[in-house]
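Here the structure is laid out as structure tokens; the discussion comes afterwards.
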Amino acid sequence: AVIHYTTNGQDPSESDPVVNSGSSVVVRRSLVLKARAWKSGWTPSGIKSASFRITGAIKVCVFDDQDLNGSLNNGEQLSGWPIHISGVGISRDVVTASDGYVTISGLDEGEYTVTQPVGVLDSRGNFSHGGKRYHAFDGLAKTASVVPGQTTNMSFRNVCLGAIQATV
């Protein structure tokens, strides 16, 4: 028998690609695989199908490049930092773990926007979080393309401007 297959959801015909018995079809993205066998003098087999969902991930790091005295501190990761992701079928808030990272997995192929939802900015683009003032050195929002089977890395570099002073 000769086995023909499709990866576009259409029913296979004898003009579609062939997979040899005992061989495999490599699947690198989400798809519906359909296969059917033909043998001379026989009725074609029934169509067998399987759905494959291959997802990717975005790994985000948030770090502070400066301590309260203005000295560079080699990128201290910020834990508990809010992150919002939106894109293909998702709009979700997450926070960074104790190491300053968060990985959002199970994402379908496509474009996503990742933001630091930090609230009100002052006239200089600074914001407050956790009792400190920060400047978003490289922005509050970034876009990322998710590729199935891969993790896209990104980071947000914030500069701590000091503790918020209480007014009396």
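Of the conditions (1) in contact with a Ser or Thr (Cβ under 8 Å, 6 or more places away or on another chain); (2) at pLDDT 95 or above; (3) open to solvent by 50 Å² or more (accessible area, probe 1.4 Å); (4) in a loop (DSSP other than H, G, I, E, B), E14 fails just one. Which one is it?
Condition not satisfied by E14: (1).
Identify all residues within the range 17-54 that are closer than 22 Å to V146 by Cα, hydroxyl-bearing (S, T, Y) and open to solvent by 70 Å² or more (accessible area, probe 1.4 Å); write none if there are none.
S51
Within the range 116-139, identify whether any single residue is of a type in the set (V, I, T) and within 15 Å of the chain's Cα centre (by Cα), and answer yes or no.
Within the range 116-139, none of the residues are of a type in the set (V, I, T) and within 15 Å of the chain's Cα centre (by Cα).
Which ones in the range 89-116 are part of a loop (DSSP other than H, G, I, E, B), among the polar types (S, T, N, Q) and either open to solvent by less than 60 Å² (accessible area, probe 1.4 Å) or modelled with pLDDT of 95 or more (or both)?
Hits for the range 89-116 are T96, Q116.
Any idea how many residues of the range 133-153 are in a strand (DSSP E or B), in contact (Cβ under 8 Å) with a residue 24 or more places away in the chain and buried (at least 16 other Cβ atoms within 10 Å of the Cβ)?
Selection size over the range 133-153: 7.
H4 passes all but one of (1) within 30 Å of H129 (Cα to Cα); (2) at pLDDT 90 or above; which number fails?
(1)
Within the range 77-90, track down each residue that is hydroxyl-bearing (S, T, Y) and over 12 Å from the mean Cα position of the chain (by Cα).
Result: S79, single match.
Looking at the structure I just gave you, is G119 small (G, A, S) and at pLDDT below 90?
Yes.
The values are calculated or read from the model by the stated rules, or taken from the named source; none is laboratory data. This structure is a prediction, so every number in the text was calculated from the model and none was measured. With ideal geometry, Cβ positions are generated from the backbone for all residues, glycine too; neighbour counts draw on all protein chains shown. Areas reflect the complete protein model, heavy atoms only, side chains present, ligands, DNA and RNA absent. Shrake-Rupley method; radii C 1.70, N 1.55, O 1.52, S 1.80 Å.
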